[in-house]
Amino acid sequence: MGLDECLTELLVQLGNHGLVAMVKMDGERQRSRWTVLVSGNPLGEKFVRWDGDDLAAGLSRVMAQLQELLPGLLD
């Protein structure tokens with residue numbers, strides 16, 4: 001499964017759990033061109049945000065943080 005398919009499946013699963021997720025690429029930036037942001041009712045006032053250049057690594061980091069905040073999220 002390619003990154004595009006994985007990303008699509010991940011976003012659908014997050015949405016199914018009542019979360020809001022955004023993946024942004026800012027071509028005007030020289031560094032930290034990618035932003036991943038997840039928020040929503042299950043997180044309360046908290047949110048998870050990552051900025052960087054390696055999208056795959058950033059998604060992994062965001063998912064690890066979400067698993068800490070919401071155990072069993074993707075079981």
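The values are calculated or read from the model by the stated rules, or taken from the named source; none is laboratory data. The model shown is predicted, which means the values in this text are computed figures rather than measured ones. Don't worry about glycine lacking a Cβ; one is built from the backbone with ideal geometry, like all the others, and counts go over all protein chains shown.
Figures for the structure shown
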item: Residue check for Leu55: of a type outside the set (Gly, Ala, Ser), under 14 Å from the mean Cα position of the chain (by Cα), modelled with pLDDT under 95 and surrounded by 15 or more Cβ atoms within 10 Å (Cβ to Cβ); result: yes
item: Matching residues in the range 1-51 - criterion: being assigned to a strand (DSSP E or B) and hydroxyl-bearing (Ser, Thr, Tyr); result: Thr35, Ser39
item: Any chance Gly44 is at positive phi and modelled with pLDDT of 95 or more; result: yes
